[in-house]
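> Please see the structure below; I have some questions.
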Amino acid sequence: MRIRSQKDFASGLMFILVGIGFSWVARGYSMGTAAKMGPGYFPFWLGVVLALLGVLVLFGSLSTKGEEDKMARWDIKTLLWILGSVVLFGLLLKPLGMVLSVIVLVLVSSMASHEFTWRGAILNTIVILAISVGAFVYGINLQMPVWPAFITG
C-alpha cells in the first residue's frame, strides 16, 4: 500500500492519537451509564469516535482513487508564535484576569499571520473578548478573575 495523500494520512494519525489519548485519560474518571453519565463518559466516547474517524481518514489516504498530495513544510516561526501565545495566556490568566490575558493572547498570536495588520488584530481582539466574556463569565458563570486583582481591589 502506498500513501497517496500525506495530509490525510497525517490527519488520520493525529485523530487516532488524540482520540486514544482522550479515552485513556477519561478512564480515570467514573463512567456511569448512558442514562446517568459520569464525568468520564462523554470524553471517553468522544475519544473513541475521534479515533474511529481517524482510522477512516487514514485508510482514505491509501485509496488509489484519492488525490495525491504532499505535506507542506512546517512554518516553525508561526507555530512558535501560536504556541507561545497560548502558554502566555495560561501564565497570565490568574494574575491579570481574563480580559487582559485574552488581549495578550490575540495580539501575540496575530503576530503569526503573514497578513498582519494592527487594525485587524485590534478588531479581532474586541470580537473575541466580547464572545469570551459573554460566554464564560455571563453565559456559564465560570469562576475566574475577569480583571486583575489590583483593579478590582
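Read the figures in this text as sums done on the coordinates, not as results from a lab. As the structure is a computational prediction, the values presented were derived from the model and not from experiment. Reconstructed Cβ throughout: ideal geometry from the backbone, glycine too, with neighbour counts over all protein chains shown.
> Which three extents, in whole angstrom, do the alpha-carbon atoms of the chain cover along their principal axes, largest first?
63, 48, 22
> Give the lysines whose C-alpha is closer than 25 Å to that of Lys7, dropping any in the same chain fewer than 8 places away, or say none.
The qualifying lysines are Lys65, Lys70, Lys77.
> Right, here's the next one. If you count, for each residue, the other Cβ atoms within 10 Å and average over each peptide, how do 57-65, 27-35 line up from highest to lowest?
The most tightly packed comes first, giving 57-65, 27-35.
> According to the square roots a ≥ b ≥ c of the eigenvalues of the Cα gyration tensor, what is the shape class of the range 76-139, taking rounded for a/c under 1.5, prolate for a/b larger than b/c otherwise, and oblate for the remainder?
oblate
> Need one word for the range 1-82: rounded, prolate or oblate. Basis is the Cα gyration tensor (sqrt eigenvalues a ≥ b ≥ c); a/c below 1.5 gives rounded, then a/b vs b/c decides.
oblate
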